[in-house]
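Bear in mind that the values in this text are calculations on the coordinates, not laboratory data. Everything quoted here is computed from the prediction, not taken from an experiment. Heads up, the Cβs are rebuilt from the backbone with ideal geometry, glycines too, and the neighbour counts pull from every protein chain shown.
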Amino acid sequence: MTSESRLRARHLVEQDRELRFELVRLREASGVSRQDVAIRLGISRQAVAKFERLDADPRLSTIRRYAHAIGAVVSHSVEKDEGQLVGDAPSSETAGSSVGAEPVDEVAKVEEDFFLGVIRRG
């Protein structure tokens with residue numbers, strides 16, 4: 001697997017996590033409880049809690065429904081990877097939590113491998 005492909009996979013994982021993190025942050029900042037979201041979506045509070053876990057892999061339609069329930073809008077951006085992530089990769093002396101960094105936990109590693117697996121099978 002090429003390093004560019006791995007960087008792209010890490011970037012996608014990080015973007016997914018950031019989206020879910022921001023949605024939860026907005027819910028909490030708005031004073032909307034998990035129970036409120038559950039009622040608005042017609043699901044259990046436990047289902048909302050599962051959605052909010054970082055190891056969850058919700059469908060895009062579920063993300064949109066959750067956003068609507070908390071009064072948020074989700075915007076999408078798609079662009080061709082033309083190597084722009086390679087320039088963002090940290091050197092060995094500045095490695096941290098940026099796009100090129102090693103995944104911080106096993107869940108991130110599994111998600112990254114999922115993206116790479118889709119590429120191999122696709």
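Here are a few things to note about the model shown:
- The HN-Hα couplings worked out from phi for segment 68-75 by the Karplus form 6.51 cos²θ - 1.76 cosθ + 1.60 (θ = phi - 60°) are 4, 5, 9, x, 10, 10, 9, 9 Hz, whole numbers, x standing for Gly and Pro.
- Contour excess over end-to-end distance, with Cα ends at A72 and Q15 and 0.36 nm allotted per residue: 18.8 nm
- Peptides 48-57, 6-15 ordered by average Cβ neighbours within 10 Å, highest first: 6-15, 48-57
- With all projection directions averaged, the alpha carbon convex hull of segment 1-41 covers 3.6 nm².
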